[in-house]
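K.L.:
Before I ask anything, let me first share the structure, which is written out below as structure tokens.
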There are 2 protein chains.
Amino acid sequence: MHQVQPSRLKIALDMMGGDHGPLSTIPAAITAVSENPQLDLILVGDTVAIQQALTDSGISSHPQLQIQHASQQVLMTDKPSVALRTKRDSSMRVALDLVDQQKVQACVSAGNTGALIAMAHYVLKMLNGIERPALISALPTTVGTPVFMLDLGATVNCDSDTLFQFAVMGAVMAEEVESIHQPKVALLNMGEEEIKGSDQIKRTSLLLSECSDINYIGYIEGNDIFSGKADVIVCDGFVGNVALKTCEGVAKLIIKRFEQALKNSMSAHLFGWMIKPLLKSIGTGVNPDHYNGASLIGLRGIVVKSHGNATKEAFLSAIRQAVREVERQVPAKIKDRLEHVLIDKA
Amino acid sequence: MHQVQPSRLKIALDMMGGDHGPLSTIPAAITAVSENPQLDLILVGDTVAIQQALTDSGISSHPQLQIQHASQQVLMTDKPSVALRTKRDSSMRVALDLVDQQKVQACVSAGNTGALIAMAHYVLKMLNGIERPALISALPTTVGTPVFMLDLGATVNCDSDTLFQFAVMGAVMAEEVESIHQPKVALLNMGEEEIKGSDQIKRTSLLLSECSDINYIGYIEGNDIFSGKADVIVCDGFVGNVALKTCEGVAKLIIKRFEQALKNSMSAHLFGWMIKPLLKSIGTGVNPDHYNGASLIGLRGIVVKSHGNATKEAFLSAIRQAVREVERQVPAKIKDRLEHVLIDKA
């Protein structure tokens, strides 16, 4: 088995995933290697399509880029369980297999999220002590520093142990990826103190209060996700997914409203040309899902998910995210921290 | 027992609730009666404080305004269960009692949401066939027509029967309050088709598909809440509360970003004075929780909740909402529709 040379970074890219396939993944790969001489990329997918896209980009070959053929492609419409069973030679699956075989240190995909979660879980397995994977992303805040939110959709039903493990993982991500010292960890909850039914959240709160390794600051409400009160926000995958996608919906609504207000404004034609691109960039900025990669954590390997509609910039950002996680050895750090927490609890 | 004269509208107002108390509720009450000669309001709360606020507003008495003394006040920090047990002469409780005694046709409060839900549930009881109350609000969309979303925080744990009942109630609200013909009803869900654990959502989807009285259009994701795809969006109270409050957070973030972008812009001082109020109004517009009243439905009476930080305009809007629900006899319509649906199902 080929082992990764310790001095170099090696990452597999699912070239066929996302709405644009090689059209956005190839330019991102070329920029990624040109800005990082230590980085080698394995471009996984249809050799002909990849080679063609490379040629179209003006290079036929590159010493840091290597193509690995995969005959299949996971479609955005594929059901996760079907993709898992029937697409064993898909670009997504082969990229994950390369992580499992330790031929690369991480993989990046802009493909079908459900399929990626199912395949990654199956191929890479969970870290010891972690029961379920989580999707985590760094969201913007009004104070400048990002907030890490998890789970954004990998695990729908979470018991208190799972949420506790998410809190540990989120804290490690904030420390390692953003160098936030003793990150403030909060649980997403409703405003009312006495809420019925969220027993698992109350139990998680108790677990976190008792854990000296976590800087737990208590509950947080939806209106404070972006206020900078917390560095890490923990919730189950259903709630996190709805919250993140609602952000996208609100951003669109606000931009639409603003455009309408400008239309009705006498001065619209005076400065509309300047405001519109500003609005667009702000809309993109608060759709972190569109911009940053989301990491699938809790697994024995590094998997970064770029948005399905990823542009070159978004896919490049996901590659950089993977590089950072490799350099900081995030899975090993999560494992260490969890062991430490569990020893302290025992 | 005094019965309401059929030709007139009579509504009780909790004057002491909300952050501003009579300072915002009195001006709203005065405007409400001046714009609607059929409307009588019972101002519930501390007589001295109410009388003082009336005098400060330039009127000592008004034929459509009547004061009803209540010696207690539910504080925003009161736990719902404690308020329910110990604040039986609070302005909130007395206003609800007036609805129960049919001395008024509705009540409006800007007070502690949890306490209002607990008290309203206890005092008014559920309509036959409805198991749990729901908070519903009309949210703005990019296409202009509003979308009714429920539950926004009254019932945290919802089984499929409860969610189904919410769908029926939401459809009635959209028809009666906004005159939307055969409103399109959707269930809030994650993107993935095969999601684990949301069995109650799948079961609800099946129940709705089989119900010919509901124009059920299937699942909707968070990014489509404001797109106008649906007229009614159904979810459990935890998810709805997080989604609504997340909107508030995103709106703040976008406005902050915009302000920062303006600051860095050369032309900021040229048109910043014009943009800022626009931004503020847009921010308010997408915080419907701040602007419109949310109705607590499923009960044997009409209860409208205004935001805790309600301004005069917001409280006035909540009074108008209560008037509309009285005129359209929303609880009776919900009861009728539910009976119809259940007969069809049987």
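K.L.:
Any idea which of B:VAL94, B:VAL48, B:VAL74 is assigned by TED's automatic domain parsing to the domain that holds B:GLN321 and surrounded by fewer than 21 Cβ atoms within 10 Å (Cβ to Cβ)?
P.N.:
Only one candidate passes the filter, namely B:VAL48.
K.L.:
Any residue in region B:86-114 that's free of Cβ contacts under 8 Å to residues at least 40 places away in the same chain: show its pairings with residues that are among the acidic types (Asp, Glu) at Cβ separation under 6 Å, as long as the two are six or more apart or on different chains.
P.N.:
Within 6 Å, the pairs are B:GLY114/A:GLU192.
K.L.:
Which one of the conditions (1) of a type outside the set (Val, Ile, Thr); (2) surrounded by fewer than 20 Cβ atoms within 10 Å (Cβ to Cβ); (3) farther than 21 Å from A:VAL330 by Cβ; (4) modelled with pLDDT of 95 or more does A:GLY58 fail to meet, given that it meets all the rest?
P.N.:
Exception for A:GLY58: condition (4).
K.L.:
Looking at region A:100-119, which of the residues that are in contact with a strand residue (DSSP E or B) (Cβ under 9 Å, 6 or more places away or on another chain) and more than 14 Å from chain B (Cβ to nearest Cβ) is surrounded by the fewest Cβ atoms within 10 Å (Cβ to Cβ)?
P.N.:
A:LYS103
K.L.:
Could you run through region A:121-133 and say how many residues are crowded, with 22+ Cβ neighbours inside 10 Å and within 14 Å of chain B (Cβ to nearest Cβ)?
P.N.:
2
K.L.:
If B:GLN66 passes every condition in (1) at pLDDT 95 or above; (2) surrounded by 15 or more Cβ atoms within 10 Å (Cβ to Cβ) but one, which one does it miss?
P.N.:
(2)
K.L.:
Does A:ASP161 count as touching a Phe, Trp or Tyr at 6+ places or on another chain (Cβ under 7 Å), charged (D, E, K, R) and modelled with pLDDT of 90 or more?
P.N.:
Spelling it out, it is not the case that A:ASP161 is touching a Phe, Trp or Tyr at 6+ places or on another chain (Cβ under 7 Å), charged (D, E, K, R) and modelled with pLDDT of 90 or more.
Residues checked against (1) hydrophobic (A, V, I, L, M, F, W, C); (2) surrounded by 20 or more Cβ atoms within 10 Å (Cβ to Cβ); (3) in a strand (DSSP E or B):
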site: B:PHE148; (1), (2), (3): yes, yes, yes
site: B:LEU152; (1), (2), (3): yes, yes, no
site: B:LEU163; (1), (2), (3): yes, yes, no
site: B:ALA174; (1), (2), (3): yes, yes, no
site: B:GLN182; (1), (2), (3): no, no, no
site: B:GLN200; (1), (2), (3): no, no, no
site: B:LEU208; (1), (2), (3): yes, yes, no
site: B:SER212; (1), (2), (3): no, no, no
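K.L.:
Might you check whether a residue that is in contact with a Lys or Arg (Cβ under 8 Å, 6 or more places away or on another chain), surrounded by 14 or more Cβ atoms within 10 Å (Cβ to Cβ) and without any contact (Cβ under 8 Å) to a residue 60 or more places away in the chain occurs anywhere in region B:31-40?
P.N.:
yes
K.L.:
Here is a follow-up. Please name all residue pairs, on different chains or six or more residues apart, with Cβ atoms under 8 Å, provided the first residue is in region B:192-207 and is more than 7 Å from chain A (Cβ to nearest Cβ) and modelled with pLDDT of 85 or more and the second residue is crowded, with 19+ Cβ neighbours inside 10 Å and assigned to a helix (DSSP H, G or I).
P.N.:
B:GLN200/B:LEU163; B:ILE201/B:LEU163; B:THR204/B:LEU163; B:THR204/B:PHE164; B:THR204/B:ALA167; B:LEU207/B:PHE164
K.L.:
Turning to a different aspect of this structure: Across region A:223-239, what is the total count of residues that are within 10 Å of chain B (Cβ to nearest Cβ), touching a Gly at 6+ places or on another chain (Cβ under 6 Å) and buried (at least 24 other Cβ atoms within 10 Å of the Cβ)?
P.N.:
3
K.L.:
Got a number for residues in region B:315-334 being over 16 Å from B:ILE11 (Cα atoms) and in contact with a helix residue (DSSP H, G or I) (Cβ under 6 Å, 6 or more places away or on another chain)?
P.N.:
Within region B:315-334, residues that are over 16 Å from B:ILE11 (Cα atoms) and in contact with a helix residue (DSSP H, G or I) (Cβ under 6 Å, 6 or more places away or on another chain) number 2.
K.L.:
Let me ask another. In region A:302-316, which residues are surrounded by 21 or more Cβ atoms within 10 Å (Cβ to Cβ) and not in a strand (DSSP E or B)?
P.N.:
A:SER306, A:HIS307, A:ALA310, A:THR311, A:ALA314, A:PHE315, A:LEU316
The values are calculated or read from the model by the stated rules, or taken from the named source; none is laboratory data. Computed from a prediction, not measured in an experiment: that's the story for all the values here. Cβ coordinates were reconstructed from backbone atoms using ideal geometry, including for glycine residues, and neighbour counts include every protein chain displayed.
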